[in-house]
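Report on the following structure.
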Amino acid sequence: GLQNAGGKNDKDIWVTDENDGYDWFVNTAINQVSGQLKESEGQAQNSQDQSKDKKDKDKDKDKDKDKKGDTIVFALGVNDMAGGAKRYTDKLKELVADNGAWAKARKVLVVSVNPVLESKTQIKNADIEKFNNELKSGLSGSKKLEYIDVYTKFKKDIKETDFEDDGINYKSELNKKI
């Protein structure tokens, strides 16, 4: 999977399970990620500002805001499509809200479901496109949630040889590009 594709550093933390979908996300992953989050610079600054006088607070309020803090990369797969995108977008919006479990995150990058090799699986790319469109639409308007469209970028250039035998998972070279 992506966590083995390289490019990670000692600060990267992976919370992953390839087959468990939404229930695993809600019941396991959210808490695992929440326990690893550090406070973003803007939030740390806001806590420190409470002890400053008003003049200093106004001066420093937005300086370097949100330059630090964790970025969560939320990558979806075909197993996550069951039940539709709305439940993910609703939950993600709840998580990044001011009092949400992921409120400390600087940003959450939500990666599209990627194309499959239809000749090797029953999954259709048209269904993936529909899910991704719902996902993108559902995330619009959020400052902390950013949709990353890997599907469109790779759909036109992907080759049969980029896939593992299942037609769903990618070989390590394509994972590195992602």
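The values are calculated or read from the model by the stated rules, or taken from the named source; none is laboratory data. The model shown is predicted, which means the values in this text are computed figures rather than measured ones. Note that we place each Cβ from the backbone using ideal geometry, even for glycine, and neighbour counts take in every protein chain shown. Areas reflect the complete protein model, heavy atoms only, side chains present, ligands, DNA and RNA absent. Shrake-Rupley method; radii C 1.70, N 1.55, O 1.52, S 1.80 Å.
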Next item on the list: Check whether at least one residue in region 115-134 is in contact with a strand residue (DSSP E or B) (Cβ under 8 Å, 6 or more places away or on another chain), closer than 18 Å to residue 29 by Cα and not small (Gly, Ala, Ser), and report yes or no.
Entry: no
Notebook entry, point to check: Counting only residues that are surrounded by fewer than 17 Cβ atoms within 10 Å (Cβ to Cβ) and among the hydroxyl-bearing types (Ser, Thr, Tyr), which one in region 73-125 is farthest from the chain's Cα centre (by Cα)?
Noted result: 119
Check: Out of all the residues in region 66-107, which are farther than 19 Å from residue 28 by Cβ and assigned to a strand (DSSP E or B)?
Finding: 71, 107
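Kindly indicate the residue of region 113-164 that is assigned to a helix (DSSP H, G or I) and of a type in the set (S, T, N, Q) and also farthest from residue 176 (Cα to Cα) among those meeting that condition.
Quick first cut of region 113-164, residues assigned to a helix (DSSP H, G or I) only: 118-120, 125-139, 150-155, 160-162.
This time we only want the ones that are of a type in the set (S, T, N, Q), so: 119, 125, 132-133, 137, 152, 161.
On the way: 119: 24, 125: 22, 132: 21, 133: 24, 137: 27, 152: 17, 161: 15 Å.
Top of the filtered list is 137.
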Notebook entry, point to check: Could you list, in sequence order, the residues of region 132-178 that are open to solvent by less than 70 Å² (accessible area, probe 1.4 Å) and of a type in the set (Val, Ile, Thr)?
Noted result: 148, 150, 158, 168, 178
Check: Do you know which of the residues in region 17-28 that are surrounded by fewer than 16 Cβ atoms within 10 Å (Cβ to Cβ) and modelled with pLDDT of 85 or more is nearest to residue 78 (Cα to Cα)?
Finding: 23
